[in-house]
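Notes follow the structure.
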């Protein structure tokens, strides 16, 4: 009996302590910690509560081409195109569905949103991104933003209760995925990323593909590593994140728009070949139909951005000049208007 | 599984509940299973080493007790020690030896083809449990203790999880009677153990790991760092390693206390020492006493000539350096400590004085020396250590000084708590504090632990040894 009383008193005290400490933490160190570990949330804090929609994006939203006369974000262009809807922006470099999910969980309850626009980056489903070193930071951010007591989130970060892995561990996983994921492309000799990339790296393709040179082989290799994969709607972490976003949006009664970014398919085909386009198309159509079936408004920019709009020429990115950003904004606008008309 | 992990936070209460749920005769198996699980969670393969070490020393103990012939007893002791040190040598020193053989051979013969280093992983805790088992066999050999007949208890003595991976290095006659004692659930043990675990986590996660962030940044760019920051970095490292290891030990002692086991104290405010000799009486006490009993005394201790004594001191400290790691930096660290101890003996530095100013001066000198020697300990190699000292003198510009205030505040808080608990450990010191003040202390410690623990969690420094 004595031990029960002893434990009960301490348990009650612990709960009182915990809530008091949490308040103290919120009023002292929390903002600094958010700034350090999950700075994207700061963008969400400044979103006006009366906004109708939030555009969640990564660097594609704000990256500019040197010489662009208009330097607006995609989200800003969209806001201008739809004057009747106020669209707020939450963005940061390198984000993917995992971070958007944490942010969506943190949308203030007082907001009466009609839409959330989620940027979907095709590359974020690839092993190259899923096992990138930057994942540690994103996983840490996600934990920091969990809807639990912030002081406990902070301590869980100290205990590394997020998907922390060393760069070496992630590299091993990435290479395993490249090796184990079989493509089964008809009439094609290479069955996985490693084989495909090795063939390219050993320059055997220089003779086959007139578009390849010693200089652009590394870029071709990046295209294979980033674009060649089989989208797995059961096990891919990003699919799980997107599904969770859909589920939250359904519960909170706002529409979700998945803004599938355009990829430089022209360059991909020129440097690597139609086999890569075959895989990309297979994944794209699966992704679009998978989420359309779930009632998500899919904005499919995949083939919409011409090569001339892509800014980076040494790495496959979704950084567009203003013309490219405007195409994306126009497509989202169309989707929103169509949806409004339907309703 | 490490002490500052969620796994351990769940594991410890589970073992605790299971331990008291079962009757005394089953408890040894609960603790044994928990200890093996604890170790397996690091690396399952290396459990074989612990099992081998356990069987060798268990067998050696029994044989020693049954054998009368002095030469056979010496042979048994020799085999046991060689087997234990053999494992230790292979896993910890083989590549270091190979590297040095390569260098010597290259110097002798320019065309020598160096042998490549082997890919050897150091089993965590090997230096600690090896010393613990060696002490058992030597004590049986010397007739100080009787050989343990019960294999389960002996296995538990070797691998008792709170002190398995980084000590305290326990002697058989301290630990075994406690493991065998029939215990009841005592509230004081829970509160005592809980307090120590809390204080240990505070030392490790709040102080050591936060200081470590600064220290890592300084050691990561010695040339580009301002001299003042290099000095602060070396002082911070002194406290980082202290709080890291002291924190670990305190959690170990607290965890063991939950099972009514009192582990040995490892630290007694070593940085208040006024001589290097005194520092070693208060730093990593269980290792120091191990060296004293099994190396220093057998070499004659302070009973022989000054030369013989000096050689014993040199041997002990160099072995201590080697024990810490297979690097020349550790050997030099040990050697310099030995030289300072010898110097203090010659000039009678340790002579008691009531002069406060003199005591203060001695404290400053001692702390400065110990801190300077930690530079060898922390540096990856001798060149880096020398560069560190050179760089302290070369960049006194005002620009680039990094004076983040938070580590200083946390360190100040720790220093005060360390001084206040210098006579009794933290748990005992709290007994005399009024309950309201005690509550306030808990509040501050838990708040700091939850909110200010460093986010880039580092493993315990002493795990690498």
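Where both bridge residues fall in the protein assembly as shown, DSSP classifies roughly 5% of the beta bridges as antiparallel. Comparing Cα centroids, the stretch A:140-157 and the stretch A:20-82 end up 19 angstrom apart. Under the simplified labelling scheme, the residue A:171-residue B:297 pair shows an inter-label distance of 5.0 nm, with each label point 7 Å from Cα along Cα→Cβ. Using a Förster distance of 25 Å, how high is the FRET efficiency between residue B:52 and residue B:322, based on the Cβ-Cβ distance and rounded to 0.05? Result of the calculation: an efficiency of 0.65. The shape of the stretch B:157-206 comes out oblate: with a ≥ b ≥ c from the C-alpha gyration tensor, a/c is at least 1.5 while a/b does not beat b/c.
Of the residues B:237, B:296, the one with the fewest other Cβ atoms within 10 Å heads the list, and the complete ranking is B:296, B:237. Neighbour counting of Cβ atoms within 10 Å sorts the residues B:382, A:174, fewest neighbours leading, into B:382, A:174. Spatially, the stretch B:26-57 and the stretch B:92-151 are offset by 20 Å when compared through their Cα centroids. Considering only alpha-carbon pairs that sit under 8 angstrom and 6 or more positions apart, the relative contact order computed for chain A is 21 percent. Extending 7 Å from the Cα toward the beta-carbon at both residue A:307 and residue B:223 defines two label points whose distance is 4.4 nm. Normalised by the number of residues in the stretch B:241-395, the mean separation of alpha-carbon contacts (under 8 Å, six or more apart) gives a relative contact order of 22 percent. In chain B, the C-alpha radius of gyration followed by the widest Cα-Cα span (Dmax) gives 23.1, 75 angstrom. Length available on full extension from residue A:59 to residue A:163: 0.36 nm per residue minus the Cα-Cα distance, which gives 35.1 nm. Mind running the shape call on the stretch B:54-199? Use the C-alpha gyration tensor, a ≥ b ≥ c as the square roots of the eigenvalues: rounded below 1.5 for a/c, prolate if a/b tops b/c, oblate otherwise. It is oblate, given that a/c is not under 1.5 and a/b is not larger than b/c. FRET efficiency for the residue B:69 to residue A:66 pair, using the beta carbon distance and R₀ = 60 Å, is estimated at 0.10.
Neighbouring Cβ atoms from other chains, within 10 Å of the Cβ of residues in B:185-197, number 1 on average.
When the square roots of the Cα gyration tensor eigenvalues are ordered a ≥ b ≥ c, the ratio a/c for the stretch B:1-93 is 1.5 or more and a/b does not exceed b/c, which makes its shape oblate. Note on chain A: helix-only mean residue ellipticity at 222 nm, from DSSP H runs of 4+ residues weighted -39500 (n - 2.57) and normalised by residue number, equals -16000 deg cm²/dmol. Computed from the C-beta positions of residue B:149 and residue B:185 and an R0 of 35 Å, the FRET efficiency is 0.80 to the nearest 0.05. Distance between the 7 Å Cα→Cβ label points at residue B:113 and residue A:253: 7.9 nm. Helices in chain B, meaning DSSP H runs of at least 4 residues, each add -39500 (n - 2.57). Divided by all residues, the mean residue ellipticity at 222 nm is -21500 deg cm²/dmol.
Sorting A:47, B:375, B:101 by the number of Cβ atoms found within 10 Å of their own Cβ, with the fewest placed first, yields B:101, A:47, B:375.
The spacing between the stretch B:412-462 and the stretch A:233-278, judged by their C-alpha centroids, is 49 Å.
Name all residues of the stretch A:143-177 having a backbone nitrogen under 19 Å from the label point set 7 Å from the Cα of residue A:19 along its Cα→Cβ direction, giving them as ranges. Answer for the stretch A:143-177: A:147-153.
Here the contact order of the stretch A:211-286, divided by its residue count and restricted to Cα pairs under 8 Å and six or more residues apart, works out to 51 percent.
Sorting the segments A:103-111, B:249-257, A:55-63, B:443-451 by their residues' average number of neighbouring beta-carbon atoms within 10 angstrom, most packed first, yields B:249-257, A:55-63, B:443-451, A:103-111.
Every number here is computed from the coordinates shown, using simple stated rules; none is lab data. It should be emphasised that the depicted structure is a prediction, and the values quoted were computed from it without experimental measurement. Ideal geometry is used to build each Cβ from the backbone, glycine not excepted, and the neighbour counts take in all protein chains shown.
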